[in-house]
Amino acid sequence: MPNFIKIKKKINNFKKTIKVPGDKSLSIRWVLFASLAEGTSKAKNLLMSEDVLAAIEAVKKLGIKTIVKKNECKIFGKGINGYKYKKNLTINAQNSGTLGRLILGLLINSPEPINLIGDKSLSKRDFSRVSDPLSKFGAKFELRKNNFLPLTIYGASKLKPIRYNENKGSAQCKSSIIFAAMRTNGTTIIKAKKSRNHTELLCKYLKLPVVIKNNKNFDEIKIKKVEKINPLNYEIPSDISSSAFFIVLTILSKNSEIIIRNININPSRIGIITILKKMGAKIVFKNIQIYKGEKIADIKVESTKNLKSINCPPNLNSGAIDEFLVIFLVAAKAKGISYFRNLSELNQKESPRLQWAEKILSNLGVKTITTNDSIKIYGNPDIDINSNKKITIKNYLKDHRVFMTSLVAALTFGGKWTIHDKDSINTSFPNFIKIIKDLKK
């Protein structure tokens, strides 16, 4: 089958209820916690994407038995010290920055050197942001030029607790340090800029010796050595990041409405909702509940006219960092100039996303001014692409969010689009196109 998709016309109006796959961040974290538990952990609605399957393969290489069936998984943990460290072991994180960075915290005391590799995209991402703090525990690292993969970690038999200021707002870095601290005698203290807190919530639910003090601009996290983790049976809530594309598709389509079921609306993840509502979007939460520390709800979205521009407060950035590409499509349709700043983290993702935002919006005829950490978008409420205009999207390092954002742009703004590397969605959302086709019926 060809590895591209062609979109030749806008989507018709729709009124649907859908369910998107399990949350990727939680799916990967569940795999890692379950691999450390004593006994059998079970997960339902686990995201069966390449990133999560890479996490499962990683713990299998460390001697942990797993059974995968459809979107359910069993992991037979052997305890906090249950990994088997073989000689000449290589772990392939593939495209997953979450897996690649978090698992280094779990390998901090390996008696054997372990190699970590990734795909072309992951191999262009900075791993010093985790190797630097993990080195303070006593581990040593060899990284390729520019702090890229492949790398080799040399674990330390005697780990020492650390104090660390995490000022990038990176949940991956913070979580990696938490995992390392769980293997370390004494108390490790992290002063962390606000970011996703899934790891901390799982620690709290599992009653691990992790204490979090929430301040306005940062969290203070104290972690003591963990002796035992109980099995974790978990039905993974659905992913807000995957939902984002359908939220924006609905906002930008005429006379449409969608309900997305059972979504993780963790406050550290819903920056997109806050931003879009400030821009006038019609979004409401229904059936809100707490599930094992995580807040979940159904999300109802309606088509929205008269969208407003936004001077986006930077304190919303970390809660929307994976959704900005598709948020920029809403800014393109809004009245006035939207300004987004302090976004250097966008260029630490699978591709340099600010550059790709500029390219996509340029194809829409939307003016932008872009720096290495900001973008101004000159919105046009009357945007409508000539139906014969040909637009091609390719060579974007197989960044799944570039693919999905481009598809949403094609369906809402018009034109004849050819979007390459369709299989990029397999890293996070394998059935994305199927759900799109169901909306079009």
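The values are calculated or read from the model by the stated rules, or taken from the named source; none is laboratory data. Since this is a predicted model, take the numbers as computed values, not measurements. Every residue, glycine among them, receives a Cβ derived from its backbone with ideal geometry; neighbour counts consider all protein chains shown. In case anyone asks, the SASA skips ligands and DNA or RNA and just uses the protein heavy atoms, side chains included. Shrake-Rupley method; radii C 1.70, N 1.55, O 1.52, S 1.80 Å.
Overview of values
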quantity: Among (1) under 26 Å from residue 239 (Cα atoms); (2) assigned to a strand (DSSP E or B); (3) open to solvent by 50 Å² or more (accessible area, probe 1.4 Å), the one test that residue 369 misses; calculated: (1)
quantity: Lone unmet requirement of (1) in contact (Cβ under 8 Å) with a residue 12 or more places away in the chain; (2) in a helix (DSSP H, G or I); (3) not hydroxyl-bearing (Ser, Thr, Tyr) for residue 60; calculated: (1)
quantity: Residue check, residue 132 part of a loop (DSSP other than H, G, I, E, B), at negative phi and among the charged types (D, E, K, R); calculated: no
quantity: Test: residue in the range 207-214 that is touching a strand residue (DSSP E or B) at 6+ places or on another chain (Cβ under 7 Å) and at pLDDT below 95; calculated: no
quantity: Qualifying residue in the range 98-111 (condition: in a helix (DSSP H, G or I), on the phi < 0 side of the Ramachandran plot and open to solvent by 70 Å² or more (accessible area, probe 1.4 Å)); calculated: no
quantity: Checking residue 395 against (1) open to solvent by 60 Å² or more (accessible area, probe 1.4 Å); (2) in contact (Cβ under 8 Å) with a residue 40 or more places away in the chain; (3) within 18 Å of residue 358 (Cβ to Cβ), the condition it does not meet; calculated: (2)
quantity: Only listed residue being among the charged types (D, E, K, R) and touching a Pro at 6+ places or on another chain (Cβ under 9 Å), chosen from 308, 300, 286, 333; calculated: 333
quantity: Candidates 54, 34 - the one that is among the aliphatic types (A, V, I, L, M), open to solvent by less than 10 Å² (accessible area, probe 1.4 Å) and either in a loop (DSSP other than H, G, I, E, B) or farther than 28 Å from residue 419 by Cα (or both); calculated: 34
quantity: Check on residue 233, surrounded by fewer than 23 Cβ atoms within 10 Å (Cβ to Cβ) and under 29 Å from residue 22 (Cβ atoms); calculated: yes
quantity: Subset of the range 24-60 [among the charged types (D, E, K, R) and in contact with a His (Cβ under 8 Å, 6 or more places away or on another chain)]; calculated: 29
quantity: Any strands (runs of 3 or more DSSP E) falling wholly within the range 163-276 and containing at least 1 residues that are polar (S, T, N, Q); calculated: 163-166, 187-193, 210-214, 257-264
quantity: Among residues of the range 148-162, those that are assigned to a strand (DSSP E or B) and open to solvent by less than 60 Å² (accessible area, probe 1.4 Å), counted; calculated: 5
quantity: Condition met for residue 384 (open to solvent by 10 Å² or more (accessible area, probe 1.4 Å) and of a type outside the set (Phe, Trp, Tyr)); calculated: yes
quantity: Output for the range 351-366, where each listed residue is crowded, with 17+ Cβ neighbours inside 10 Å and among the hydroxyl-bearing types (Ser, Thr, Tyr); calculated: 351
